[in-house]
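Trainee: Sharing a structure, written as structure tokens. Questions coming.
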Amino acid sequence: MATSTDNPGVAARPPLLYGGAFVLVVVFHWFWPMPIFGHAVALWPGFVLVVLGVGIAAWGRRTMQAAGTNVNPALPTIAIVASGPFRFSRNPLYLALTLLYFGLTLAFNTWWGIVVVIPLLIIMHRGVVLREERYLDQKFGETYRQYRSKVRRYL
């Protein structure tokens, strides 16, 4: 079976990277709890970040689907999406995952989430975002470069 090369060749699907990283956080927290706060004051702020992350992810997903392009980075990109949350960030779905991750970190009240996020964000940047940018530049050329010049990578 032939595989398509019309995709960015990301290191792994971002939800799996974030999910796997948070599983590590839970395991580390289980064996060596490192609370951020002495009590559960971070539960509600964590919940707010989780809801915000889920909301942005849903908005971004709907925007991509409405534009007729694939959400899954292992599949070909059909169009550059510059509406919805993509007006503010070229990577709103990854920002949403990061908000969700930090929300869960606060809800679990553990420094492990902060420790693990550093290699996670390096992997996301190098193994996903930069690969996607190269792919989009090669596939869409000037159209993508114009979009890239107007919209920030992250925030």
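The values are calculated or read from the model by the stated rules, or taken from the named source; none is laboratory data. The shown structure was predicted, so the numbers you read here are calculated from the model rather than taken from an experiment. Cβ sites come from the backbone with ideal geometry, for glycine too, and all protein chains shown count toward neighbours. The protein model used for the area step is the full one, side chains on, heavy atoms only, and it has no ligands, DNA or RNA in it. Shrake-Rupley method; radii C 1.70, N 1.55, O 1.52, S 1.80 Å.
Trainee: Roughly how far apart, in whole Å, are the Cα centres of the range 11-87 and the range 101-130?
Mentor: 10
Trainee: In terms of solvent-accessible area of protein heavy atoms at a 1.4 angstrom probe, what is the ranking of 136, 52, highest value first?
Mentor: 52, 136
Trainee: Run the numbers for residue 148 and residue 79: contour at 0.36 nm per residue of separation, minus the present Cα-Cα distance, in nm.
Mentor: Stretched fully, the residue 148-residue 79 segment lengthens by 23.5 nm.
Trainee: Just from its helices, what would the mean residue ellipticity at 222 nm be for the chain, if runs of 4 or more DSSP H residues each count -39500 (n - 2.57) and the sum is divided by every residue, rounded to the nearest 500 deg cm²/dmol?
Mentor: About -19500 deg cm²/dmol.
Trainee: Moving on. How do 69, 5 stack up against each other in accessible area, from largest to smallest, with a 1.4 angstrom probe?
Mentor: Output order, biggest surface exposure first: 5, 69.
Trainee: Kindly report the accessible area of the chain per residue (heavy atoms of protein chains, probe 1.4 Å, no ligands, DNA or RNA), in Å².
Mentor: Here the per-residue accessible area is 59 Å².
Trainee: For the range 7-84, what does the alpha-carbon gyration tensor say about shape, rounded, prolate or oblate, given a ≥ b ≥ c as the root eigenvalues, a/c under 1.5 as rounded, and a/b over b/c as prolate?
Mentor: oblate
Trainee: Shifting gears a bit: What is the percent carbon and sulfur in the accessible area of the range 17-60, measuring with a 1.4 Å probe over the protein chains and ignoring ligands?
Mentor: Carbon and sulfur: 86 percent of the exposed surface of the range 17-60.
Trainee: Something else: Counting Lys and Arg as +1 and Asp and Glu as -1, what is the net charge of the other residues whose Cβ lies under 14 Å from the Cβ of residue 74?
Mentor: Value of the local net charge: 0.
Trainee: Counting only protein heavy atoms and a 1.4 Å probe, tell me what percentage of the range 62-155's accessible area is made up of carbon and sulfur.
Mentor: 62
Trainee: Let me ask you something else. How large is the charge dipole for the chain, taken about the Cα centre, if only the Cβ atoms of Lys, Arg (+1) and Asp, Glu (-1) carry charge, to the nearest 20 debye?
Mentor: It comes to approximately 380 debye.
Trainee: Still on this structure, please answer the following. Scan the range 102-155 for chymotrypsin sites (Phe, Trp or Tyr not before Pro) in coil per DSSP, keeping those whose Cβ has at most 14 other Cβ atoms within 10 Å, and list them by number.
Mentor: 154
Trainee: Calculated from the structure, percent of Cα pairs over 25 Å apart equals which of (i) 40; (ii) 51; (iii) 34?
Mentor: Among (i) 40; (ii) 51; (iii) 34, the one derived from this structure is (iii).
Trainee: Here's something else I'd like to know. Within a Cβ distance under 14 Å of residue 147, other residues only, what is the Lys/Arg minus Asp/Glu net charge?
Mentor: Value of the local net charge: +4.
Trainee: Turning to a different aspect of this structure: Would you work out which of 71, 39, 89 lies farthest towards the positive end of the dipole of the range 2-155, given +1 charges on the beta-carbon of Lys and Arg and -1 on that of Asp and Glu, about the Cα centre?
Mentor: Result: 89, furthest along the dipole toward the positive end.
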